[in-house]
Amino acid sequence: FYQNMKHQITLIIHLLAATIWVGGHLILCFRYLPKALKKKDPQVIREFEKQYEPLGIPALILLIITGILMAYDYNATISTWFSFSNNIEKVVSIKLLLLFSTLILAIHARFFLIPKLNPSNLLSMSLHIVILSSISVAMLVFGSLVRIGGV
């Protein structure tokens, strides 16, 4: 009973954090990015990032922690990561690869693009936003596959 309850609470926290992470990126992609591109105004992106980051980064950290805890609940431990040995392990490994991609893109955007954001490099930032949003949705889809036994 305790293990099932712990897993359920972890899953709920994971889903709430995913709502913030994925939802935030979709709002950025579909609401703020078109506005910034139309106006050729990078300040629209900067303002969103300033408002979203204090909520988005803790959500991402919670996703990582709860994701690892749930992987262990499914016996996908660090020693089996990237072995692609069973259907759940495949989901965990794919999600970890997507997570690493997310971290690389997020670090690049945060430290290299956003500080120098201007109308001439707005398209580069747009590409980052679209890719990061797509990766976020892909992680959500792969996570949902756990309920049916993986891929």
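The values are calculated or read from the model by the stated rules, or taken from the named source; none is laboratory data. Computed from a predicted model, the values in this text were never measured in an experiment. Cβ coordinates were reconstructed from backbone atoms using ideal geometry, including for glycine residues, and neighbour counts include every protein chain displayed. The area values use the complete protein model at the heavy-atom level, side chains included, leaving out ligands, DNA and RNA. Shrake-Rupley method; radii C 1.70, N 1.55, O 1.52, S 1.80 Å.
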Of the listed residues (Ile129, Ile104), the one being open to solvent by 70 Å² or more (accessible area, probe 1.4 Å) and either closer than 21 Å to Val22 by Cα or not β-branched (Val, Ile, Thr) (or both) is Ile104
Please verify whether Lys116 is under 22 Å from Leu127 (Cα atoms) and open to solvent by 80 Å² or more (accessible area, probe 1.4 Å), treating the condition exactly as stated. yes
Across (1) touching a residue at least 12 places away in the same chain (Cβ under 8 Å); (2) loosely packed, with under 13 Cβ neighbours inside 10 Å, Ser85 clears everything bar (1)
- Query: Given the structure, is Ala71 among the small types (Gly, Ala, Ser) and within 30 Å of Asn4 (Cα to Cα)?
  - Reply: yes
Scanning segment 48-77 for residues that are surrounded by fewer than 19 Cβ atoms within 10 Å (Cβ to Cβ) and β-branched (Val, Ile, Thr), the one nearest to His25 (Cα to Cα) turns out to be Ile57
Residue pairs within 7 Å by beta carbon, gap of at least six or interchain, first lying in segment 130-151 and within 21 Å of Ala76 (Cα to Cα), second among the small types (Gly, Ala, Ser) and open to solvent by less than 30 Å² (accessible area, probe 1.4 Å), listed first then second, are Leu140/Ala18
For Asp73, the lone unmet condition from (1) in contact with a His (Cβ under 9 Å, 6 or more places away or on another chain); (2) without any contact (Cβ under 8 Å) to a residue 12 or more places away in the chain is (2)
Residue hits (segment 88-100; open to solvent by 50 Å² or more (accessible area, probe 1.4 Å) and farther than 11 Å from Leu145 by Cα) are Leu97, Phe100
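So that you can scan it fast, the table gives a plain yes or no per residue for (1) under 19 Å from Thr19 (Cα atoms); (2) modelled with pLDDT under 95; (3) not hydroxyl-bearing (Ser, Thr, Tyr):
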site	(1), (2), (3)
Asn75	no, yes, yes
Ile94	no, no, yes
Ser124	no, yes, no
Ala138	yes, no, yes
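Would you confirm, using the coordinates I've provided, whether Ile114 is in a helix (DSSP H, G or I) and more than 14 Å from Ile129 (Cβ to Cβ)?
No: the conditions fail for Ile114.
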